Amino acid sequence: MTHGRTAFRALIIATAIAVAAPAFAAPRLVSSMPGEKTLSATLKQVTLRFSEPVAVRQSGGELTMTSMMMDGRLMEMPMSLGALTATADPTHPDTLILTAKATLATGGYSLSWRAAGADGKTAKGKLIFNIR
């Protein structure tokens, strides 16, 4: 009988750990607009949707222009455009809106983002996209 109780307790503990594990995970990027490695028309905002609600004050992004057209030629000269303003989507707490100071010019961009969950765990990532 003792062996059966031990096995049952082990099963209960394993189940509790499996159920609780996602609660302690950092937010995971589910989708973005623009999407990874896509071509977009004029753009001023990037929208990131995560697997859980995000804490806006601990989240944000830095934008770098990686290439641009100059005199009909593609020039690859990374240029930091600085931090984007982070706001929450009022109807979707799992969505972070990052806004540039001005409409982005034609070129390639790299967005380094960070998102904090309600429990303080932070995820980081990079999104590459182009403006035509």
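Every number in this text was worked out from the coordinates using simple rules, so none of it is lab data. Since the model is a prediction, treat every value here as computed from it, not as a measurement. Counting neighbours? That spans all protein chains shown, and the Cβs are built from the backbone with ideal geometry, glycine included.
Within the stretch 19-102, report the GluC sites (Glu not before Pro) that DSSP leaves as loop and that have at most 15 other Cβ atoms within 10 Å.
Those satisfying the criteria are 36, 76.
Summing +1 for each Lys or Arg and -1 for each Asp or Glu among the other residues whose beta-carbon sits under 11 angstrom from that of residue 30 gives 0.
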